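Asker: Just dropping this structure here.
The values are calculated or read from the model by the stated rules, or taken from the named source; none is laboratory data. For clarity, every value in this text was computed on a predicted model and none was experimentally measured. Cβ placement follows ideal geometry from the backbone for every residue including glycine, while neighbour counts extend to all protein chains displayed. For accessibility, only protein heavy atoms count, side chains too; no ligands or nucleic acids. Shrake-Rupley method; radii C 1.70, N 1.55, O 1.52, S 1.80 Å.
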Amino acid sequence: MWDHDLDGRREHEGLARALDESGAPDGRIWNGHAWQEWDSWGETGLVTFPLRAGGPAALRAECQCLWYGPARTLDADPSVTAAAVKKLDWEFHIAAATVAVPPRDFEEEMGDLFSRLYALVQDRPLAALGALRELEGKIGPQRSIAVGCARRQGESWQKVADALGVTRQSAWEKYQFAGTGADVDAAYARTTPPTP
């Protein structure tokens, strides 16, 4: 089994799942040394697989987040196939799944800010609206800057779109101007740095 620990958050655990001749998932995994019965993800309990008759014919990488990779035909030595599954599929999944995850301390600070905004909405809704207006005015230019920086660093429009949670076409239509040095500099000029 494999895991990915990002800033102390173990959000992805993976394994090499056995597949039968038809490509159906089997209740076995390759644990690095031998076949082992493993019919479900203990944390979620959402996925269970029966133990199939006959020996496994292929392996696929699988994650507790319910992602799974393509089937790879089983080599004479399952360790060889498992290593390929991990390298080709699992690592690709982790890279794609974690590229836009902010650092843990940043997420905690955002959580604190939203808790404070929630309390402000309850006590002083008009003040909360003013704070939200100001926040929205600062987020837009920062988003443009981030898109421009990502594009200047060679990130694809698809990766930018995935990070924004929109389609590739939507990202391109809204931010196609971003990416040149002049555009990023202009966006920076429209923003004021935060004050401590």
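Here is a yes/no grid of residues against (1) more than 23 Å from the chain's Cα centre (by Cα); (2) modelled with pLDDT of 90 or more; (3) among the polar types (S, T, N, Q):
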residue: P103; (1), (2), (3): no, no, no
residue: L120; (1), (2), (3): yes, yes, no
residue: A131; (1), (2), (3): yes, yes, no
residue: I139; (1), (2), (3): no, no, no
residue: V147; (1), (2), (3): no, no, no
residue: F177; (1), (2), (3): yes, no, no
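Asker: Looking only at residues in the range 96-110 that are assigned to a helix (DSSP H, G or I) and closer than 14 Å to C65 by Cβ, which one is most open to solvent (accessible area, probe 1.4 Å)? Give the derivation first.
Answerer: Looking only at the range 96-110, we keep the residues that are assigned to a helix (DSSP H, G or I), and these are 96-98, 104-110.
Adding the requirement that they be closer than 14 Å to C65 by Cβ leaves 96-98.
Values: A96: 63, A97: 42, T98: 27 Å².
Looking at the filtered set, the residue picked out is A96.
Asker: Then there is this: In the range 1-40, which residues are open to solvent by less than 60 Å² (accessible area, probe 1.4 Å), more than 19 Å from the chain's Cα centre (by Cα) and either of a type in the set (D, E) or at pLDDT below 70 (or both)?
Answerer: Selection gives D20, D26, S40.
Asker: Can you tell me how many residues within the range 119-148 are surrounded by 15 or more Cβ atoms within 10 Å (Cβ to Cβ) and either closer than 22 Å to V99 by Cβ or in contact with a Pro (Cβ under 6 Å, 6 or more places away or on another chain) (or both)?
Answerer: Final tally of qualifying residues: 6.
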